[in-house]
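*Asks:* Mind having a look at this structure? Questions to follow.
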Amino acid sequence: MICRYSFGTPLPTDAVVRKLPAETGALPFFGLQENGDGSLTFSLSLHPEEVIFGLGQMVRGIDKRGHRYESWNSDVFNHTESVSSLYGSHNFVVFFSPERLLGLYLDDPGRVVWDLGYEHRDQAVITSLSGNLDVYLIRENTLAGIAKAFRQLTGRSYLPPRWAFGYIQSRWGYASEEELRSVISAHRERHIPLDAVCMDIDYMVDFKNFTWKPDAFPDLKQFQQKLKEDHIRLVPIIDAGIKVEEGYGPYDSGEAGDCFCKKEDGSNFVAAVWPGRCCFPDFLREDVRRWFGDLYRPLLEAGIEGFWNDMNEPALFYSDEGVADAFAAADRIRSGGVDYETTWWLKDVFSGIANNMDDYRRFYHLVDGKPVRHDLVHNLYGAGMTRATAEGFRRFDPDHRLLLFSRSSFIGAHRNGGIWQGDNFSWWSHLKMALQMLPNLNLCGFLFTGCDLGGFGCNVTEDLLERFLQLGVFTPLMRNHSALHTRDQEIYRFDTWELMRDTVSVRYALLPWLYSEFMKAALRDEMLFRPLAFEYPDDKRAVHTQDQLLLGDGCMIAPVYEQNASGRFVYLPEDMLMIRFRSAHDYDLVPMEKGSHWIDLSLAEFPLFVKKNRAVFLCPGGESSELLDDTRFTVIGQLEIPGTYDLYRDDGTSVSPDLESNLTHIRLVPDNALKREIQC
Ligand code: GLC
């Protein structure tokens, strides 16, 4: 059951697809306080054993209790535990204790502060700064029921094309056809599976969106066509800002259509991003989305089938006004002499030029024809860009699914695209964080996601990359991406590349099964990754587990995320079969009993656990998702009672796939084997 309570004058967000009448009674469960400055606070006493799932893309554990978070889409390069916001705002949480099961969703495009037991461990105190919002309470009998009800409120998750489940190689710095070709052949020569390569900003002319360097990419269409013969797709990046430059098509047409966000005086708001001074499309307007979505056409016409949208919080490196304010601050202390406090302050003033709150208050959107200051709708910006792109794709090619993943997001954007987890580092702690983010992103509707495998910032080590890949085997988006000037991070750069190749080969063997699990989850409004509490709500140990996840129908993952670890402890909430993978053909099958276990996992090994009477399907190998044979499988599982597995298969691109007609019901017959070969 879902109830909506409305406060103030909520702005449209496009987050929900089911319009519910607002309740007239008071909001139950929560204390409500008006703070006198327009902000509203909702508070709830927490049970000592209460866990809180949700908030999607956020630092820290699967259970969010015990810290303070903020919904404020941020370009944060340093995801330490102390940051309170990342790139997306996902205002949905589920409170779960022996006494309560309650979903809370705040449809609020502005800043929201979530104190989930930080100030007082027994209190959740949630503040909407604007006080204009819709609050939804969801009550169901199970955690999965709440997740499903929320998805039915906010709409079906985005469906990527099937090839997007292949391995993707990316790096900031690939600057020409030649360079991309050599990266691709280095994979192919070593039989490292690969489906796509990303093109970062270096493919553009002066980092200008929708351009490509004529010398480096003399015939993009032909290049993409040739690569497709080898089953490889190009995935270019598009940023939010449009460079201010007369004679540059997107700027001129944006100006002609009056598409950019304005300052109070009616002039365009200008701030610098990669190309220098940029204007920012007002994605909240339908006509602007249409204009922007159509800008992808030349790339789509060149045969491109996937994009990643970036810098769409929006990230602002500096504005003229912000720089002037910082210089003025320096002038103020210039004559008075400096001490450590003033120099530290000055350092903060200058480092605070980027993504500055004053800038976010300097510009306006038009909402229903009326100007609304950006900070009040800040968290919608990336979602608006995703929507513009997805709508553009649908106009260009209504019959096929294209790949789209964004950095910034808001609930509602999960219908139009996936997201990646942003600029992580080559840190062991970020491997764990990536794992912990998955179920909360799924809960908020973002199923197609993954982190930059190997880590984006700083220098990776080969053991860390291998362990990242072992997590990536299971994440729908499996992309190795790294920053300019960091150590080369392609698999083939390392002495142990064969081991990493074998890990990627497991992904390809599992791909039809993983795709089947993903598509069933998406089409049934379910989650692919779930906290253990979803299936073992009465098992205290399972409920509080922070480093294992349920995957699909009857599986569990428990990756190694610590340096030099030769294994890890795993908690099995019931008897399971462990598949200890080394490659697609080399694995151990170990039946294990409910309870705690130390599991040896050398660097080459990673486990997948399968419940009794469930099965995992491995298909014969291939170096591209298009070359996999999804009619012959090795089926792994401990089968004790007769059952079926519903294998979902489709053409991989159709826009409205029908779940039922795409299912093959495969009979699982009890036998004494742990694996068997089938054809279907
Ligand atoms: C941002 C993106 C990153 C990209 C870089 C250059 O930092 O998050 O993925 O490589 O910009 O475009």
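The values are calculated or read from the model by the stated rules, or taken from the named source; none is laboratory data. This one's a predicted model, so the numbers in the text were calculated from it and none came from an experiment. So basically every Cβ, Gly included, is an ideal-geometry build from the backbone, and we count neighbours across all protein chains shown. With ligands, DNA and RNA removed, areas are computed over all heavy atoms of the protein, side chains included. Shrake-Rupley method; radii C 1.70, N 1.55, O 1.52, S 1.80 Å.
*Asks:* Among (1) free of Cβ contacts under 8 Å to residues at least 24 places away in the same chain; (2) touching an Asp or Glu at 6+ places or on another chain (Cβ under 9 Å), there is one condition Gly31 misses while meeting the rest; what is its number?
*Replies:* (2)
*Asks:* Then there is this: Sort out for me the strands (runs of 3 or more DSSP E) sitting completely within segment 1-87 that have 3 or more residues that are farther than 22 Å from Phe150 by Cα.
*Replies:* Per the criteria, 31-34, 40-45.
*Asks:* Does segment 649-661 contain any residue that is over 19 Å from Phe518 (Cβ atoms) and touching a strand residue (DSSP E or B) at 6+ places or on another chain (Cβ under 8 Å)?
*Replies:* The answer is no; no qualifying residue exists.
*Asks:* Then there is this: Any idea how many residues of segment 88-103 are under 18 Å from Tyr136 (Cβ atoms) and either at pLDDT below 95 or buried (at least 22 other Cβ atoms within 10 Å of the Cβ) (or both)?
*Replies:* 9
*Asks:* Every residue in segment 213-226 that is open to solvent by less than 70 Å² (accessible area, probe 1.4 Å) and either in contact (Cβ under 8 Å) with a residue 60 or more places away in the chain or within 11 Å of the ligand (Cβ to nearest atom) (or both), please.
*Replies:* Answer for segment 213-226, where residues must be open to solvent by less than 70 Å² (accessible area, probe 1.4 Å) and either in contact (Cβ under 8 Å) with a residue 60 or more places away in the chain or within 11 Å of the ligand (Cβ to nearest atom) (or both): Leu220, Gln224.
*Asks:* Follow-up question, since we're still on this one. How about segment 124-139: which of its residues are farther than 16 Å from Arg4 by Cβ and either open to solvent by 10 Å² or more (accessible area, probe 1.4 Å) or among the hydroxyl-bearing types (Ser, Thr, Tyr) (or both)?
*Replies:* Val125, Thr127, Leu129, Ser130 - these are the residues of segment 124-139 that are farther than 16 Å from Arg4 by Cβ and either open to solvent by 10 Å² or more (accessible area, probe 1.4 Å) or among the hydroxyl-bearing types (Ser, Thr, Tyr) (or both).
*Asks:* Output the number of the condition that Glu229 fails; it satisfies all remaining conditions of (1) under 26 Å from the mean Cα position of the chain (by Cα); (2) open to solvent by 10 Å² or more (accessible area, probe 1.4 Å).
*Replies:* The single condition Glu229 does not satisfy is (1).
*Asks:* Count, please, the residues in segment 430-451 that happen to be free of Cβ contacts under 8 Å to residues at least 40 places away in the same chain and not hydrophobic (A, V, I, L, M, F, W, C).
*Replies:* Residues in segment 430-451 being free of Cβ contacts under 8 Å to residues at least 40 places away in the same chain and not hydrophobic (A, V, I, L, M, F, W, C): 1 in total.
*Asks:* Are any residues in segment 434-449 under 20 Å from Ser84 (Cα atoms) and within 16 Å of the ligand (Cβ to nearest atom), and if so, which ones?
*Replies:* Ala434, Met437
*Asks:* Might you let me know whether segment 197-205 holds any residue that is touching a residue at least 24 places away in the same chain (Cβ under 8 Å), farther than 30 Å from Phe96 by Cβ, away from the ligand (no atom under 15 Å from the Cβ) and assigned to a loop (DSSP other than H, G, I, E, B)?
*Replies:* No; the residues of segment 197-205 include none that is touching a residue at least 24 places away in the same chain (Cβ under 8 Å), farther than 30 Å from Phe96 by Cβ, away from the ligand (no atom under 15 Å from the Cβ) and assigned to a loop (DSSP other than H, G, I, E, B).
*Asks:* Quick one: Pro193 ticks every box in (1) in contact with a Lys or Arg (Cβ under 8 Å, 6 or more places away or on another chain); (2) surrounded by fewer than 23 Cβ atoms within 10 Å (Cβ to Cβ); (3) not in a strand (DSSP E or B) except a single one, so which number is it?
*Replies:* (2)
*Asks:* State yes or no: is Arg121 in contact (Cβ under 8 Å) with a residue 60 or more places away in the chain, more than 30 Å from Asp206 (Cα to Cα) and assigned to a helix (DSSP H, G or I)?
*Replies:* Against the criterion (in contact (Cβ under 8 Å) with a residue 60 or more places away in the chain, more than 30 Å from Asp206 (Cα to Cα) and assigned to a helix (DSSP H, G or I)), Arg121 does not qualify.
*Asks:* Moving on to the next point. Does any residue of segment 309-324 turn out to be without any contact (Cβ under 8 Å) to a residue 60 or more places away in the chain, under 26 Å from Leu234 (Cα atoms), more than 16 Å from the ligand (Cβ to nearest atom) and in a helix (DSSP H, G or I)?
*Replies:* no
*Asks:* Here's another thing I want to ask about it. Counting only residues that are charged (D, E, K, R) and in contact (Cβ under 8 Å) with a residue 60 or more places away in the chain, which one in segment 231-283 is farthest from the ligand (Cβ to nearest atom)?
*Replies:* Only one residue fits best here, namely Glu264.
*Asks:* Would you mention how many residues in segment 623-648 are in a loop (DSSP other than H, G, I, E, B) and under 15 Å from Ser516 (Cα atoms)?
*Replies:* 4
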